[in-house]
Amino acid sequence: QVQLVQSGGGLVQPGGSLRLSCVASGIFFRLYTMAWYRQGPGKQRELVAVISNDGLTNYTDSVKGRFTISRDNALNAVYLQMNSLKSEDTAVYYCNGNAPLRNYWGQGTQVIVSS
């Protein structure tokens, strides 16, 4: 059974930091491209950051320089370090694992940036 289990998230003040984690089971993790998506209130789900199976990263423009995606293949985990958070980062964040003919999602984690 494939599972992507997320943790982290919560309420943080503007300018603060949070770290999201996603641990996968039931997949050959090191073959997967891993990503974080988010869906803000009234918005469509958008790609935030992606890391390939060989560690190449890419970010949406609005988070460049503030967010960092990383992975630990030994732990089957992917992380999203979020710094200098802004109110517009408020969203439900989803972990995603993608490989040929395979696509899996985590359960979602709420991030609220508010004073």
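The values are calculated or read from the model by the stated rules, or taken from the named source; none is laboratory data. Keep in mind that this is a model prediction, so the values were computed, not measured. Glycine gets a Cβ as well: all are built from the backbone with ideal geometry, and neighbour counts include every protein chain shown. SASA here: full protein model, heavy atoms, side chains in, ligands and nucleic acids out. Shrake-Rupley method; radii C 1.70, N 1.55, O 1.52, S 1.80 Å.
Give me the 1.4 Å probe accessible area per residue for the chain, excluding ligands and nucleic acids, in Å².
Details: 6130 Å² over 115 residues.
Per residue, the chain has an accessible area of 53 Å².
Which net charge results for the neighbourhood of Y93, defined as the other residues with beta-carbon distances under 12 angstrom from its beta-carbon, given Lys and Arg at +1 and Asp and Glu at -1? Each step should come with its number before you reach the end.
Numbers: positive: R19, R38, R45; negative: E46, D89.
Here the count lands on +1.
For the chain, what percent of Cα pairs sit more than 22 Å apart? Write down the numbers at each step before the final one.
Details: 1714 of 6555 pairs.
Here the tail beyond 22 Å accounts for 26 percent of pairs.
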Point to revise | T33 paired with N58, simple spin-label distance in nm, labels 7 Å along Cα-to-beta-carbon | key: 0.6
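Taking all protein chains in place and a 1.4 Å probe, what share, in percent, of the accessible surface of the chain do carbon and sulfur account for?
Ligands and nucleic acids excluded, carbon and sulfur reach 48 percent.
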